[in-house]
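Reviewing the structure listed below.
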Amino acid sequence: MSSILFFPMSMPDETLLSRITRYHFLSGNKTEAETFRDLFGVAPFQLSIIPKQLENLASRLPGVKESNLAELLEINTTFPAYKPFIGLSKEPSKEFDKVLSDVARVPRREGTRNSRAKICLACVQADLIECGYAYWHRAHHVPGVTACWRHGEELLQSCPNCSHPFYRKNRLLPGLTDDCACGWNAVKPANRSLASNEEREFAVFVNDILQRNLPSIDYTVLAACYRRQAKKQGFVHGNLIGTAKLFSSIRDKFSDKIISKIDLAYAAGIRSQWIRLSTTRGQIDMPLARHLLISLHLFGCAEKFEKCLAEESLLASSANPTVRLKEKTLPEHKKKAYREKISMLLGVVLENGK
């Protein structure tokens, strides 16, 4: 497999799709198809949260394929935000296989429902001043995020002048300093809208989760963590978690309008069993945005969430100590041989002691 001569160094919190766009401009390729062939060895395809051909890119970069893939996932995709919520698969024998197994556990619906590209106009200006180049930020693209965690502004998904979406299927993302077909440009002065306090609080929490890169955990640990924290806050129903009480509390704080922006199912009117701990494929059956909203409401900050997960993991491991292996019973003929050997050695010791 051919390698590429260079790949732009990642900007802070840059998406992989943004790095690919920068490669396209810096490489001098005349068509996007050439760039897809350079990086992936295939014709143009849909660049989702975690591109299907990411292994191809990892193998073309200098260094070890396995390390390249892990690094791309960690610093240029939203995969770290998923890890605490997607459960664990059977432990593969190799670390590389474990990474691939974890990636495969991200529900496909997440990629199809959250494929829109988003920008913060204040970030575009700040990037040009601080880095010399405006780029697409990873924290803006976690499902459910509607505000910039840094500037508190609403994120744009399309041109405010002609409504043309920034994301186009099987195409690269546009350069953020390029003019739209209608003449609008993200660098030009424009009226900016501030997001609500609740949206910004959610964005700050999500960004913190993303930066912490928490480990994957078993779904039973996550569920136990939810239950314990819910009971501490009085969301109980007998001996069970009071999902109705918790749901009502979330609605009271964030309002139906804000929750509809964060959770697509809620916006579509699907609210029955909105909070559920049922599982599928070894993970709790809820979308990422909902997990994040529930976690924010229960724990308040990413630091406390991480601490509670660690404590619950410790409790789970202590409750299931390693089972001692049973001693193997020796065959009778070996027992007789050992007895004879011991008798002989004892005889030698006694003889020497006289």
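Take I270 and tell me if it is free of Cβ contacts under 8 Å to residues at least 60 places away in the same chain and surrounded by fewer than 18 Cβ atoms within 10 Å (Cβ to Cβ).
yes
Can you confirm whether segment 264-273 contains a residue that is outside any loop (DSSP other than H, G, I, E, B), at pLDDT 95 or above and either touching a strand residue (DSSP E or B) at 6+ places or on another chain (Cβ under 9 Å) or more than 23 Å from T146 (Cβ to Cβ) (or both)?
No; the residues of segment 264-273 include none that is outside any loop (DSSP other than H, G, I, E, B), at pLDDT 95 or above and either touching a strand residue (DSSP E or B) at 6+ places or on another chain (Cβ under 9 Å) or more than 23 Å from T146 (Cβ to Cβ) (or both).
I75 is checked against (1) of a type outside the set (S, T, Y); (2) in contact (Cβ under 8 Å) with a residue 40 or more places away in the chain; (3) over 30 Å from T280 (Cβ atoms) and fails just one. What number does that condition carry?
So I75 meets the others, but not (3).
All but one of (1) within 26 Å of I20 (Cα to Cα); (2) touching a helix residue (DSSP H, G or I) at 6+ places or on another chain (Cβ under 7 Å); (3) part of a loop (DSSP other than H, G, I, E, B) hold for D208; state the number of the condition that does not hold.
(3)
Give the residue, chosen from D38, D13, that is more than 22 Å from the chain's Cα centre (by Cα) and acidic (D, E).
D38
Give me a count of the residues in segment 1-44 that are among the polar types (S, T, N, Q), part of a helix (DSSP H, G or I) and either in contact with a His (Cβ under 7 Å, 6 or more places away or on another chain) or on the phi > 0 side of the Ramachandran plot (or both). Outline the logic, then answer.
As a first pass, look at segment 1-44 and keep what is among the polar types (S, T, N, Q): 2-3, 10, 15, 18, 21, 27, 29, 31, 35.
Keeping just the survivors that are part of a helix (DSSP H, G or I) gives 18, 21, 27, 35.
This time we only want the ones that are either in contact with a His (Cβ under 7 Å, 6 or more places away or on another chain) or on the phi > 0 side of the Ramachandran plot (or both), so: 35.
So the count comes out to 1.
Quick check, is Q229 over 17 Å from A289 (Cα atoms), part of a helix (DSSP H, G or I) and among the polar types (S, T, N, Q)?
yes
Within segment 90-140, take every residue that is assigned to a helix (DSSP H, G or I) and among the basic types (K, R) and give me the one that is modelled with the lowest pLDDT.
This residue is R113.
Give me a count of the residues in segment 141-168 that are over 17 Å from the mean Cα position of the chain (by Cα), of a type in the set (A, V, I, L, M) and part of a loop (DSSP other than H, G, I, E, B).
1
Only one residue in I342, I259 is of a type in the set (V, I, T) and at pLDDT 95 or above, so which one is that?
I259
With the requirement that a residue be aliphatic (A, V, I, L, M) and modelled with pLDDT under 95, what does segment 27-49 give you?
V42, A43, L47, I49
The values are calculated or read from the model by the stated rules, or taken from the named source; none is laboratory data. None of the values given here were measured: they were computed from a predicted structure. Cβ atoms come from the backbone with ideal geometry, glycine included; neighbour counts cover every protein chain shown.
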